[in-house]
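We did not get these values from a lab; they are worked out from the coordinates using the rules stated. Just so it is clear, the structure is predicted and the values come from calculations on it, not from any experiment. Methodologically, a virtual Cβ is constructed for each residue, glycine included, from the backbone with ideal geometry; neighbour enumeration extends over all protein chains shown.
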Amino acid sequence: MGKITNQQVLAQLTSNFEGNFSNVSEPYGLLTFETSREDIMQILSYLKNDKNLSFGYLTDITGIHYPEQENALGVIYHLHSLVNNVRVRVKVFIPVANPTIPTATTLWNGANWMERETFDFFGILFEGHPNLVRILNVDDMEAFPMRKEFPLEDPNRVDKEDRFFGR
Amino acid sequence: MVNAPAGVEGSGFFATSLDKVIGLARSHSLWPLPFATSCCGIEFMATMGSHYDFSRFGSERPSFSPRQADLLMVMGTIAKKMAPVLRQVYIQMAEPRWVIAVGACASSGGIFDTYSVLQGIDEIIPVDVYVPGCPPRPEAIINGFNNIQELVRNESLRRRESPEYKALLNKYGIQ
Amino acid sequence: MSNIITNTTPNAPNFYDNDPQSELFTLNLGPTHPATHGVFQNVLQMDGERIVSGVSTIGYIHRAFEKIAEHRPFYQITTLTDRMNYCSSPINNMGWHMTVEKMLGITMPKRVDYMRVIVMELSRISDHLICNGILGVDTGAFSGFLYLMEEREHIYEIFEEICGARLTTNIGRVGGFERDFNAIAFAKTRQFLKKFPPILKEFETLFNRNRIFIDRTSGVGAVTPEVALGYSWSGPILRATGVDYDVRVNEPYSSYQDFDFEIPVGTKGDVYDRFILRNEEMWQSLRIIEQALEKIEKEPKGIFHTEVPEVYLPPKEDVYNKMEALIYHFKIVMGEVETPVGEVYHAVEGGNGELGFYLVNEGGRTPYRLHFRRPSFINYQAYADLSKGMLLSDAIINMSSWNVIAGELDA
């Protein structure tokens with residue numbers, strides 16, 4: 001399928017960023033690794049600009065919340081090399097108390113709204129983003145709805161009878 | 001052809017009550033404002049197409065300007081972010097105006113019992129007819145429209161000045 | 001009556017114009033569009049007829065799909081995926097089923113794959129029918145739209161034969177389909193393949209060489225491939241710029257590699273290119289459906305699901321008579337099936353581009369995290385930037401050629 005294999009990608013990454021990334025795995029054939037927020041910009045721009053790898057297409061940026069972990073909030077990047085037909089997934093975990101991470105809009109214009117959506121849902125602050133405001137939820141909302149502690153249903157509803165819902 | 005209302009007929013004249021004539025005329029020329037937000041809007045487009053032909057009921061001109069519309073057809077989910085907009089559109093409509101809530105989401109929030117979806121537009125505007133379905137078939141939308149036509153045909157001309165109507169609007173905070 | 005009305009204002013335009021002598025004026029486009037495109041808003045600063053800058057606000061139909069998906073078992077999430085790109089719901093459904101099947105590691109028999117291909121290509125045709133019809137309406141040509149909506153009714157009839165619903169189809173299950181396509185469904189599909197090409201040809205005759213249409217659309221909104229890739233575009237609007245990226249060819253799913261079809265690619269990336277490209281994609285979809293019908297003839301009859309009883313509901317006669325079937329049925333419905341812990345990303349070619357599903361599973365009955373990579377959302381972020389300097393009427397045509405579906409935009 002791909003013109004270069006996951007092992008080649010991994011080898012190039014190891015030779016350049018030895019020690020800066022960890023937790024390498026290949027769930028369902030997609031090379032996944034974790035890195036820190038200090039190294040993420042270097043790794044992303046290396047992946048994008050290297051002639052052999054050329055991961056020039058940013059598929060998606062999203063967030064995740066693991067409340068039990070020490071670094072509870074995660075930012076997950078999916079990159080795709082159209083030339084080589086290979087995908088890669090990069091994860092960065094940051095603490096809830098200080099959820100900042102550099103923005104990827106310097107590399108890809110398409111990261112703009114993806115990061116706004118991640119901010120809107122998880123409260124992750126992307127440093128250097130041109131317009132980091134809420135995008136999908138109402139502007140004056142204070143909580144971050146996709147975090148695990150936020151309830152799904154509106155708690156202010158008065159017309160739901162508990163006996164119909166087994167409560 | 002529509003049936004003439006009950007009245008006294010003679011050669012060259014037909015006497016009936018003004019309510020009935022105006023109701024008849026209004027009910028066959030309702031101009032809808034299709035407030036289509038999501039999937040029900042696509043079913044409305046299918047209803048307006050030539051297969052189900054909505055315009056044969058008199059709604060030849062769907063108006064997108066609230067000032068010129070009689071019937072607000074809310075089709076699709078209304079999120080809480082959209083609610084002020086919907087209210088504004090309703091307030092901008094001129095009397096007499098009717099509202100039809102098409103689909104489960106507009107009637108009651110539908111399958112989206114979440115923090116961001118308005119659980120039924122009747123939380124912010126008075127609704128006349130609800131059409132259930134997700135999305136309702138075009139036949140169901142037409143049936144709902146026929147119910148609106150029934151309401152329009154039988155409505156008294158004085159209804160919009162009556163205290164009950166004013167109380168209804170006050171309940172929603174609309175002047 | 002309720003206290004949810006707040007004074008929410010949209011994100012303020014970041015072009016502040018405090019000069020009272022200035023000639024710029026602010027135009028609010030939306031969120032109540034004429035019912036075709038959907039609820040999203042653009043606040044534009046205009047210099048006469050020309051757009052100087054704009055701010056897009058979305059979220060007017062945010063239904064929190066990703067949050068709901070964390071509270072629903074896997075087979076109930078199909079109804080959510082329906083309502084994302086509601087013009088082509090079966091593609092979303094199939095994409096979700098394939099994601100779960102990838103996670104569970106089960107493969108489909110070929111016949112199921114071919115049936116899925118038929119359903120997906122029919123829905124791709126119906127999505128492009130709406131887009132091109134509405135593009136015609138936006139230029140003022142209403143009749144083309146009416147002809148195409150009639151054809152959509154025929155596609156709806158095929159979907160009704162297969163699953164019972166017209167628009168939000170909820171077709172299939174994880175593991176196949178709930179019932180085989182009956183003879184009527186096949187007959188209607190063949191009928192469609194005979195009756196639709198002349199109508200599409202007539203539509204093309206009305207529009208393709210139409211002087212007014214070409215004047216309105218040619219050269220409008222042209223985009224270079226580098227800009228398009230920078231904005232992470234995908235789908236017909238990316239292919240119109242010249243990049244031949246189609247998920248069906250790059251990473252074939254559901255046996256697309258067995259089919260012989262072409263990917264139309266444009267040159268300039270303007271509205272006219274996108275229009276022609278969508279027409280061409282419809283012709284290619286018809287080709288694929290024809291091949292799929294032939295291939296299904298060659299497969300053993302009657303297979304419409306995979307034989308994985310832990311995941312696929314056993315038939316009702318077995319549930320009432322056999323113990324294992326009853327237990328499997330109970331476990332599947334109550335969500336007690338063991339699912340592997342892990343994360344999977346699967347992409348399909350939706351009507352608008354690469355529709356991706358990122359599923360993180362911790363072994364529970366519901367996903368731990370499900371993220372939809374929605375092409376309309378990612379494509380649309382370029383709109384405010386790319387509209388700079390355009391005339392307003394050109395900007396409207398541009399927007400309608402991007403085929404932004406509000407359900408997919410906000411999710």
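Can you give me the C-alpha center-to-center distance between the stretch C:194-247 and the stretch B:115-131, rounded to a whole angstrom?
39 Å
Along Cα→Cβ, 7 Å out, is where each label goes; now give me the distance between the ones at A:F165 and A:D39 in nm to one decimal.
If labels sit at A:F165 and A:D39, their model points lie 4.6 nm apart.
Evaluate the Kirkwood expression for the hydrodynamic radius of the stretch B:1-94, namely the inverse of the mean inverse distance over all pairs of different C-alpha atoms, and round to one decimal in Å.
Computed over Cα pairs of the stretch B:1-94, the Kirkwood hydrodynamic radius comes out at 15.5 Å.
Once the principal axes of the Cα atoms of the stretch A:6-152 are found, what is the range along each, listed largest first in whole angstroms?
Per principal axis, max minus min of the Cα coordinates gives 46, 32, 26 Å.
Need one number: nm distance between label points at C:L293 and B:K171, each 7 Å from Cα along Cα→Cβ, rounded to one decimal.
5.5 nm
What three numbers, in Å, describe the spread of the alpha carbons of the stretch C:126-236 along their principal axes, ordered from the longest?
Here the spans come out as 48, 35, 19 Å, largest first.
Using Cβ counts within 10 Å as a stand-in for footprinting exposure, how do C:R211, B:R160 rank, fewest first?
Fewest-to-most ranking of C:R211, B:R160: C:R211, B:R160.
Checking the table A:K160/B:K80; A:K160/B:K171; C:K195/C:K295; C:K195/C:K268; A:K3/C:K268; C:K268/C:K388 against a 23 Å threshold on Cα-Cα, which pairs fail?
C:K195/C:K268; A:K3/C:K268
Compute and list, largest first, the equivalent-ellipsoid semi-axes of the stretch A:1-88 from the alpha carbon gyration tensor, each √(5λ) rounded to a whole angstrom.
22, 14, 13
What would the Debye formula give as log10 I(q)/I(0) at q = 0.11, 0.14, 0.15 Å⁻¹ for the alpha-carbon point model of chain B, no solvent?
Here log10 of I(q) over I(0) equals -0.48, -0.76, -0.86.
Please identify which residues in the stretch C:369-389 have an amide N closer than 15 Å to a label point set 7 Å out from the Cα of A:N131, following the Cα→Cβ vector.
Zone members listed by number: C:378-389.
Once fully extended, how much extra length lies between C:D260 and C:E178, figured as 0.36 nm per residue of separation less the alpha-carbon to alpha-carbon distance?
Roughly 26.7 nm would be gained on extension.
What are the extents of the Cα atoms of chain C along their three principal axes, in Å, largest first?
Principal-axis extents of chain C (Cα, largest first): 83, 53, 43 Å.
So for the protein assembly as shown: antiparallel DSSP bridges make up what percent, rounded to the nearest 5? List each step's numbers first, then the result.
Working: 52 of 73 bridges.
So the antiparallel bridges in the protein assembly as shown amount to around 70 percent.
Using the Karplus curve 6.51 cos²θ - 1.76 cosθ + 1.60 with θ = phi - 60°, what ³J(HN,Hα) values do you get for each residue of the stretch B:118-126, in whole Hz, with x for Gly and Pro?
Karplus values, whole Hz, x for Gly and Pro: 6, 7, x, 6, 6, 7, 10, 9, x.
Where does the protein assembly as shown land at 222 nm, in deg cm²/dmol rounded to the nearest 500, when only DSSP H runs of n ≥ 4 count, each adding -39500 (n - 2.57), divided by all residues?
It lands at -12000 deg cm²/dmol.
Separation of the stretch C:140-191 and the stretch C:54-103 by C-alpha centroid, Å?
Spelled out, the Cα-based centre of one part sits 20 Å from the other.
Taking amide hydrogens as modeled 1.01 Å from N in the peptide plane, which residues meet the under 5 Å criterion relative to C:V52, leaving out close sequence neighbours?
Counting only residues 5 or more places away or on other chains, the set is C:Q45, C:M46, C:D47, C:G389.
Can you give the relative contact order of chain C as a percent, counting alpha carbon pairs under 8 Å and 6+ residues apart?
Relative contact order, chain C: 25 percent.
Which GluC sites (Glu not before Pro) does the stretch A:1-70 hold that lie in a coil by DSSP with at most 16 other beta carbons within 10 Å?
A:E18, A:E38, A:E68, A:E70
Looking only at A:P130, A:P95, A:P151, which one moves most when chain A is put into a Gaussian network model with springs between Cα atoms under 10 Å?
Of the options given, A:P151 has the highest mean-square fluctuation.
Starting from the stretch A:112-167, pick out the GluC sites (Glu not before Pro) whose DSSP state is loop and whose Cβ has at most 13 other Cβ atoms within 10 Å.
A:E142, A:E149, A:E161
Can you list which of the DSSP-assigned H helices in chain C have a Cα extent of 30 Å or more along the long axis and an average Kyte-Doolittle score of at least 0.0? Write out the running numbers ahead of the final one.
On the way: long enough: C:110-138 (42 Å, 0.37); C:142-163 (31 Å, 0.06); C:183-207 (36 Å, 0.18); C:271-298 (41 Å, -0.56).
Span-like helices, by this rule, are C:110-138, C:142-163, C:183-207.
Could you compute Rg(Cα) / (2.2 N^0.38 Å) for the stretch C:192-310, with N its residue count? Mind dumping the intermediate values first?
Working: Rg = 18.0 Å, N = 119, 2.2 N^0.38 = 13.5 Å.
With N residues counted in the stretch C:192-310, Rg over 2.2 N^0.38 Å equals 1.33.
Please compute, for peptide A:53-60, the average count of beta-carbon atoms on other protein chains lying within 10 Å of each residue's beta-carbon.
That works out to 5 on average.
Of the GluC sites (Glu not before Pro) in the stretch C:80-157, which ones lie in a loop per DSSP and count no more than 15 other C-beta atoms within 10 Å?
Answer in residue order: no site qualifies.
Among A:K3, C:K110, which comes first, then next, by fewest other beta-carbon atoms within 10 Å? The partial results should precede the final answer.
Numbers: A:K3 11, C:K110 17.
In increasing order of surrounding Cβ atoms, one gets A:K3, C:K110.
How big is the antiparallel share of DSSP beta bridges in the stretch A:6-152, given as a percent to the nearest 5?
Working: 20 of 28 bridges.
Of all bridge pairs located within the stretch A:6-152, approximately 70 percent are antiparallel.
If each of C:R190 and C:D318 carries a label point 7 Å out from its Cα toward its Cβ, how far apart are those two points in nm?
Taking the two extended label points, one gets 3.1 nm.
Computed FRET efficiency, Cβ-Cβ of B:L151 and C:E336, R0 51 Å: what is it to the nearest 0.05?
Numbers: r = 50 Å, r/R0 = 0.98.
For R0 = 51 Å, the calculated efficiency reads 0.55.
Quick check: convex hull over the Cα atoms of the stretch B:42-99, volume per residue in Å³, rounded to an integer?
Cα convex hull per residue, to the nearest whole number: 85 Å³.
What list do you get for B:K81, B:K20 if you sort them by fewest beta carbons within 10 Å?
Arranged by neighbour count, lowest to highest, B:K81, B:K20 become B:K20, B:K81.
From Cα coordinates alone, what are the radius of gyration and Dmax values for the protein assembly as shown in angstrom?
Rg then Dmax for the protein assembly as shown, in Å: 26.6, 102.
Helix B:18-27 versus the longest principal axis of chain B: what is the Cα-based angle in degrees, 0 to 90, to the nearest 10?
Taking the Cα atoms of chain B, the angle to B:18-27 is about 50 degrees.
When chain C is modelled as a GNM with alpha-carbon springs shorter than 10 Å, which of C:N279, C:N352, C:N250 fluctuates the most?
Top of the fluctuation ranking is C:N250.
Taking N as the number of residues in the stretch C:19-98, what value does Rg over Cα atoms divided by 2.2 N^0.38 Å take?
On the way: Rg = 18.8 Å, N = 80, 2.2 N^0.38 = 11.6 Å.
Against the empirical 2.2 N^0.38 Å value, I get 1.62 for the stretch C:19-98.
Could you pull out which residues in the stretch C:117-131 have an amide N less than 17 Å from a spot 7 Å beyond the Cα of C:W283, following the Cα-Cβ vector?
So the set is C:125, C:128-129.
For the stretch A:22-37 and the stretch C:318-349, what is the separation of their Cα centres, given in Å?
Between the Cα centres of the stretch A:22-37 and the stretch C:318-349 lies a distance of 28 Å.
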